[in-house]
Structure formats: structure tokens, C-alpha cells
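Below is one structure; the comments refer to it alone.
Just so you know, all these numbers are worked out from the coordinates, no wet-lab data involved. Note that the structure is predicted; figures quoted are calculated from it, not measured. Using ideal geometry, Cβ is built from the backbone for each residue, glycine included, and neighbour counts are taken over all protein chains shown.
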Amino acid sequence: MCCALYNVTTNNSSISATSGTEDTITELTPPAGVQIYITRIKAGLSFTTTTDSIVSIRVIRASTAGATGAGVNIRKHRPESPFSVTTPLNKNGINPFSVGTVVDVMLDTTFNSRGSFEWIPRTSKDVIWSNPGERLAILMKSTIGQSAAVSAEVDFGE
């Protein structure tokens with residue numbers, strides 16, 4: 001890993017109220033010929049109930065975009081880094097953000113809805129890479145059957 005690192009955060013997304021419906025939470029789209037890689041993912045839900053439910057989180061490589069996300073600001077880890085050329089989109093509130101065409105599933109796991117999830121690669125060989133110009137997307141779904149606010153953060157490089 002040699003390049004600039006960036007961060008994208010979502011605090012205004014909601015997981016689908018329909019149990020088992022998967023939504024794109026964050027989609028990262030680099031321009032043609034550019035590879036991106038994920039170095040950290042953190043996610044959690046806020047419920048007003050103490051009911052346990054299973055939350056699924058997947059990271060995919062996608063060849064087409066999901067529909068329809070909202071633009072979001074990218075933060076640079078280092079102030080002197082160049083501006084990112086990647087286009088990030090986040091799920092906008094309760095509006096659906098469908099899953100694009102899945103090429104590969106890079107991470108597929110679950111966590112308890114009252115907890116949180118964080119993925120950090122153990123070594124530099126464990127980072128999740130895109131192919132040049134290919135999207136990386138973070139998807140989530142829950143079995144609770146009610147809408148809940150999603151708080152998610154993705155660190156990535158290009």
C-alpha cells in the first residue's frame with residue numbers, strides 16, 4: 001500500500017424495514033484504470049428495542065452501479081494527500097439503494113444488532129482490492145423487520 005488514504009462515513013442511512021432485504025450502504029466507484037482498496041470497515045445499527053437480531057454485512061466487487069445512492073464527502077487521512085478520484089455514494093435515509101451486479105463477494109459475515117462490526121486487515125495482503133475501474137460496495141440486511149439507522153465508516157486507498 002503506497003498511496004493516499006481516505007474515509008467515507010454515513011450516519012443518515014437506514015437499513016430496510018423489510019426483513020432480509022439487502023441494501024447497499026456505501027458504494028465506491030473509481031474511474032477507469034484506477035484500483036481502490038479497503039483498509040477498514042466499521043458498522044452498527046441503532047434500535048429503540050432491545051431485541052436481538054442478525055445483521056448481515058457483505059463487501060462485494062460490482063460491475064454495475066446500484067440505484068440510487070446519494071453523494072457524500074470524502075475525508076483525507078493526511079492533509080497533503082491529493083483529492084480522491086473515487087466517487088462515493090451512500091444510501092440516502094430510507095430510500096432504496098439496490099445492489100449492483102455482483103462480480104465477487106469479498107467478505108460475508110454477521111453480527112448482533114445490539115453490537116457493532118469492525119473489519120481491519122491482519123496484514124497488507126488482507127486488504128480488499130477492486131479491479132481497475134470496478135466498484136466496491138458494502139451491503140447490509142437485518143432480520144429484525146424494522147427500519148434502523150446505520151452508522152458506517154469505510155477507510156480506503158487508491
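Couple of notes before you dig in:
- Cβ crowding within 10 Å, taken as a proxy for footprinting-reagent exposure, orders L5, L45 from fewest neighbours to most as L5, L45.
- Residues whose amide H falls under 5 Å from that of A4, counting only those 5 or more places apart or on a different chain, are E158, with hydrogens built in the peptide plane.
- Separation between Cα centres of segment 16-74 and segment 98-158, rounded to whole Å: 6
- Alpha-carbon spread of segment 5-157, three principal axes, descending order, Å: 43, 30, 27
- Selection of GluC sites (Glu not before Pro), segment 20-91, meeting DSSP coil and at most 10 other Cβ within 10 Å: E80
- 20 Å Cα cut-off, lysine pairs counted over the chain (separation 8 or more, or different chains): 5
- When peptides 12-20, 54-62, 104-112, 121-129 are ranked by their average number of other Cβ atoms within 10 Å per residue, the highest-first order is 54-62, 12-20, 104-112, 121-129.
- Residue exposure proxy: K141, K76, ordered by other Cβ atoms within 10 angstrom of their Cβ from fewest to most, comes out as K76, K141.
- Look at the dipole of the chain built from charges on Cβ: of T101, G145, T26, the Cα furthest out on the positive end belongs to T26.
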